[in-house]
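Q: One structure coming up, written as structure tokens, with questions to follow.
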Amino acid sequence: MKLKRQLGLIHVFCIASGAMISSGIFILPGLAHAKAGPAVVFSYFFAGVLATMGLLSIAELTTAMPKAGGDYFYISRGLGPAAGTIAGLLSWFSLSLKSAFALIGMAMLIAPFIPVSRHIIAALLCIVFMLINLRGTKEAAGFQVLLVTALLGLMISFIVKGASQIQIKYFEPFTPYGLRSVFSTAGFVFVSYGGLIQVASIAGEIRNPGRNIPRGMIIAVVMMVILYTLMIFVTSGVLGSEELDNSLTPISDAAKVFWGRTGFILVSIAAALAFITTANAGIMTASRYLLAISKDELLPDTFSKISKKYKTPYIAIFITAIVILAAVFFNIYILAEVASIVFVLGYILANISIIILRESGLQNYRPVFRAPFYPWLQLVTIIGFLFVLLEMGEEAFVITAIIIFIGFLFYWFYGRKNVEKESALLHLVEKITAKELVTGTLEIELKEIIRERDDIAKDRFDWLIERCAVLDIEERKELDEFLKLASEEMSPHLGIEQSKLFDLLRKREKESSTVLSPELAIPHIVIDGQEKFDVLLVRAKKGIHFSDKYPNVHTVFILTGTKDERNFHLCTLSAIAQVVQEPAFEKKWMSAKNTQALRDIILLSGRKRFGG
């Protein structure tokens, strides 16, 4: 059973924003200020710049492969199932930790008013959000829109009111712990921008993903980088180090300075709303990783079961909720650091994947959005993330290494025996070594993804192209020589003698040339009988000599049909005309890897489909 595409641009924006507006801004600034001093403003900004750079690659990958599982899906198709399994489990775990982090933050706000342990409160909240997500994605996403709208209003009000209360003395010295601490803190707070990957994980449920995903993600991250930087600047400017360092309610404390007790309560409410959005989005998106990995048979198929009533992956949601319940007992500092490290690793793998996918020569890798400045943007992003990663703590690295090892064990002892997926990396190796290493299954999978993404419904012409004969001619041919070859190929399909078919084709060409351009010819003839129609696709790499005027035709479509198929004959001519007029058609046709690739150029064209 497939997930429904029911989320629009506003949902993409709010899921990404809601996942970012959380503990990263309402709890982490105090802990981060203790590490970097007032320069924490730059730490947040630098982390945001890196996130934005990485986002451009993630947006490309997601529009090329808008499937549940986000970075797991495209990393596995780029680097192989082993890397994909590890990346998917890492992302699932980090999103679960981020949700646990949010639940702990919310429990901290509630605990003073209820005589119950914050861990129990966090556990109860986790159950509530699990039930919301079990009801359906649209319901969960609609809830997200309301919460994010309220949050943005409160954040903007905080910045406007607090700006007038900033004291410059609180920014001196600006880097009390040195520049190195500024960059290590950037890695520590990177979890604040983790919401971008969450959108990728529910790409399979977004309407018009090629348009809505990149727009929603870009708007969300740019807005969050601006709001975060300004909020941290205001907070650092109204609170001294003694009050701010290690505070678990830094934004609320800052609001109290210029809004009084009312401001403290107001921002605490905003923080509570933020924690709700993150916990809600975290359960929603983390569960899709288990769904995607299971669909690829790298985890038991139990994880991919979808509720018939609510169309949600209920087992994956339930397992994710259990992990979040356990994570609420983690140390809050380690919780944030591990989540940040895993997000950074995900961005590095995504940028490596985009390089592999582009260089592999995969014809059906067709993102709607393309990251600019390739490959320099990806290389600079990878170097930036590696630099930040090296500046981070040892404890988080140990935990991350354990998770990677567990992911590898899952793949080695379970997934490896069940599936052997083709990857772009294999295509790249084949391209470099000229050895036969792939069977084309990845191209087929990408083709089906494009059909689903672009809502391409097969018509009769598509069915015809899928079963018709294809001639891929290496040597140069004279016209008669070519027509004999074509007759041999089409004769069995039409039930007509080869010689008769040859005569008809030759006669048609003598009456008037079927060459439409120096590169293209469309011979078409009427044959005896009823309900017969066929097409032959031809690529002549060194050309066909049709006449002295057209000595080098490389592309030929031969159409044959009975009189009763006249209407379909005209539709087919119209379809071919649209295909050959697409940008760079000739270049794609001549560089296609094999006969299936030639078919795919036509099957994935943007032509108008017709009935019949």
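The values are calculated or read from the model by the stated rules, or taken from the named source; none is laboratory data. Keep in mind the model is a prediction, meaning the values are calculated, not measured. Methodologically, a virtual Cβ is constructed for each residue, glycine included, from the backbone with ideal geometry; neighbour enumeration extends over all protein chains shown.
Q: For Ala59, state whether it is in the same structural domain as Ala401 (by TED's automatic domain parsing) and in contact with a Pro (Cβ under 6 Å, 6 or more places away or on another chain).
A: yes
Q: In the stretch 350-377, which residue that is of a type in the set (S, T, N, Q) and touching an Asp or Glu at 6+ places or on another chain (Cβ under 9 Å) is surrounded by the most Cβ atoms within 10 Å (Cβ to Cβ)?
A: Restricting to residues being of a type in the set (S, T, N, Q) and touching an Asp or Glu at 6+ places or on another chain (Cβ under 9 Å), the top hit is Ser353.
Q: While we're on this one: Under 6 Å between Cβ atoms, which residue pairs at least 6 apart in sequence (or on different chains) link something in the stretch 237-252 that is in the same structural domain as Val40 (by TED's automatic domain parsing) and over 22 Å from Ser22 (Cβ atoms) with a partner that is at pLDDT 90 or above and assigned to a helix (DSSP H, G or I)?
A: Gly237/Tyr170; Gly240/Tyr170
Q: Does the stretch 566-573 include one or more residues that are closer than 27 Å to Arg609 by Cβ, in contact with a Phe, Trp or Tyr (Cβ under 6 Å, 6 or more places away or on another chain), without any contact (Cβ under 8 Å) to a residue 60 or more places away in the chain and in the same structural domain as Thr595 (by TED's automatic domain parsing)?
A: Scanning the stretch 566-573, I find no residue that is closer than 27 Å to Arg609 by Cβ, in contact with a Phe, Trp or Tyr (Cβ under 6 Å, 6 or more places away or on another chain), without any contact (Cβ under 8 Å) to a residue 60 or more places away in the chain and in the same structural domain as Thr595 (by TED's automatic domain parsing), so the answer is no.
Q: Tell me whether the stretch 439-451 contains one or more residues that are exposed (fewer than 14 other Cβ atoms within 10 Å of the Cβ) and not in a helix (DSSP H, G or I).
A: yes
Q: Being small (Gly, Ala, Ser) and in a helix (DSSP H, G or I) is the filter; apply it to the stretch 153-190 and report the residue that is farthest from Cys14 (Cα to Cα).
A: In this case the residue turns out to be Ser181.
Q: Might you let me know whether the stretch 165-176 holds any residue that is in the same structural domain as Ile219 (by TED's automatic domain parsing), among the hydroxyl-bearing types (Ser, Thr, Tyr) and modelled with pLDDT under 90? Give the steps one after another, and end with the answer.
A: Going residue by residue through the stretch 165-176, those that are in the same structural domain as Ile219 (by TED's automatic domain parsing) are 165-176.
Of the ones still in play, those that are also among the hydroxyl-bearing types (Ser, Thr, Tyr) are 170, 175.
Then keep just the ones that are modelled with pLDDT under 90; that gives none.
Within the stretch 165-176, not a single residue is in the same structural domain as Ile219 (by TED's automatic domain parsing), among the hydroxyl-bearing types (Ser, Thr, Tyr) and modelled with pLDDT under 90.
Q: Then there's this: Identify the residue in the stretch 304-358 that is hydroxyl-bearing (Ser, Thr, Tyr) and touching a Phe, Trp or Tyr at 6+ places or on another chain (Cβ under 8 Å) and, among all such residues, is nearest to Phe93 (Cα to Cα).
A: Thr320
Q: Out of (1) over 13 Å from the mean Cα position of the chain (by Cα); (2) crowded, with 20+ Cβ neighbours inside 10 Å, the odd one out for Val380 is which?
A: Condition not satisfied by Val380: (2).
Q: Still on this structure, I have one more. Of the residues Ile527, Ile544, Ile465, Ile522, which single one is farther than 25 Å from Ala597 by Cβ, buried (at least 17 other Cβ atoms within 10 Å of the Cβ) and among the hydrophobic types (A, V, I, L, M, F, W, C)?
A: Ile527
Q: Please go through the stretch 355-375 and pick out each residue that is in a helix (DSSP H, G or I) and among the aliphatic types (A, V, I, L, M).
A: Ile355, Ile356, Leu357
Q: With respect to Ser499, determine if the residue is in a helix (DSSP H, G or I), under 18 Å from Val556 (Cβ atoms), out of contact with any strand residue (DSSP E or B) (no Cβ under 9 Å at 6 or more places or on another chain) and small (Gly, Ala, Ser).
A: Judged against the criteria, Ser499 is not a match.
Q: Would you check which residues across the stretch 574-585 are out of contact with any strand residue (DSSP E or B) (no Cβ under 7 Å at 6 or more places or on another chain) and either more than 20 Å from Ile601 (Cα to Cα) or part of a helix (DSSP H, G or I) (or both) and list them? Break it down stepwise before answering.
A: Taking the stretch 574-585 and keeping what is out of contact with any strand residue (DSSP E or B) (no Cβ under 7 Å at 6 or more places or on another chain), we get 574-575, 577-579, 581-585.
Listed by number, the residues that qualify are Ser574, Ala575, Ala577, Gln578, Val579, Phe585.
Q: Looking at the stretch 296-325 only, could you name the residues that are part of a helix (DSSP H, G or I), touching a residue at least 60 places away in the same chain (Cβ under 8 Å) and of a type outside the set (Phe, Trp, Tyr)?
A: If we filter the stretch 296-325 for residues that are part of a helix (DSSP H, G or I), which is where we start, we get 301-304, 314-325.
Within this subset, residues satisfying the condition of being touching a residue at least 60 places away in the same chain (Cβ under 8 Å) are 314, 317-318, 320-321, 323-325.
Of everything in the stretch 296-325, those that are part of a helix (DSSP H, G or I), touching a residue at least 60 places away in the same chain (Cβ under 8 Å) and of a type outside the set (Phe, Trp, Tyr) turn out to be Ile317, Thr320, Ala321, Val323, Ile324, Leu325.
Q: OK, next. When you go through (1) part of a loop (DSSP other than H, G, I, E, B); (2) in contact with a strand residue (DSSP E or B) (Cβ under 7 Å, 6 or more places away or on another chain) one by one for Met284, which number turns out not to apply?
A: Among (1) part of a loop (DSSP other than H, G, I, E, B); (2) in contact with a strand residue (DSSP E or B) (Cβ under 7 Å, 6 or more places away or on another chain), the lone unmet condition for Met284 is (1).
Q: Name the residue, out of Phe343, Phe387, that is in a helix (DSSP H, G or I) and surrounded by 15 or more Cβ atoms within 10 Å (Cβ to Cβ).
A: That would be Phe343, the only listed residue that is in a helix (DSSP H, G or I) and surrounded by 15 or more Cβ atoms within 10 Å (Cβ to Cβ).
Q: Same structure, new question: List, please: which pairs have Cβ atoms under 6 Å, are six or more places apart or on different chains, and start with a residue in the stretch 144-169 that is over 20 Å from Leu7 (Cα atoms) and end with one that is aromatic (Phe, Trp, Tyr)?
A: As it stands, the answer is Lys161/Phe258; Gly162/Phe258; Gln165/Phe258, since those pairs meet every condition given.
Q: For the stretch 150-165, which residues satisfy the criterion of being polar (S, T, N, Q) and touching a helix residue (DSSP H, G or I) at 6+ places or on another chain (Cβ under 8 Å)?
A: Scanning the stretch 150-165 gives Ser164, Gln165.
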